[in-house]
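Accompanying notes for the structure given below.
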Amino acid sequence: MFNLSQIIEGWRNKLIPPHHLKNVVELTSKQRTDICLKCEEHSENKKKADHTYKTIRPDHHCTNCGCTLSAKTRCLSCRCPLNKWIEAATPEQEEQLKQAINGREQKPSEA
């Protein structure tokens, strides 16, 4: 099942990560990507192992959930649907991060 807020979080963290989370996001993504690269559901691995698997998608993606891995691995509140990696932040921590980000964006003196 798709969670729109997590999809948005992953793409936001890929394209314009919050400055104070950039290092955490990139480290988390690297660790998760290393796991995904070895997974049988990674699109490139699926193409090699199952010659009947066809896709027109140019991106590396999970054939189980369909997510683009460059964004999914950057979503701190996401988990692999195969439980190969878990959330880096609980929903409560994620909400606190969102509130902190919103609070920072509202203060022009910090711009």
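The values are calculated or read from the model by the stated rules, or taken from the named source; none is laboratory data. Small disclaimer: the values here were computed from a predicted structure and weren't measured. Cβ: placed from backbone, ideal geometry, glycine included. Neighbour counts: every protein chain shown.
The table that follows gives values for the structure above.
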{"read-out": "The listed residue being of a type in the set (Ser, Thr, Tyr) and within 20 Å of residue 92 (Cα to Cα), out of 77, 43, 70", "value": "77"}
{"read-out": "Filtered residues of the range 22-35 (kept if over 15 Å from residue 71 (Cβ atoms) and surrounded by 16 or more Cβ atoms within 10 Å (Cβ to Cβ))", "value": "24"}
{"read-out": "Selected residue (criterion: modelled with the lowest pLDDT) from residues of the range 66-111 that are farther than 18 Å from residue 35 by Cβ and of a type in the set (Gly, Ala, Ser)", "value": "111"}
{"read-out": "Residue among 7, 35 that is out of contact with any Lys or Arg (no Cβ under 6 Å at 6 or more places or on another chain), touching a residue at least 12 places away in the same chain (Cβ under 8 Å), assigned to a helix (DSSP H, G or I) and closer than 20 Å to residue 81 by Cα", "value": "7"}
{"read-out": "Checking residue 38 against (1) surrounded by fewer than 11 Cβ atoms within 10 Å (Cβ to Cβ); (2) under 13 Å from the mean Cα position of the chain (by Cα), the condition it does not meet", "value": "(2)"}
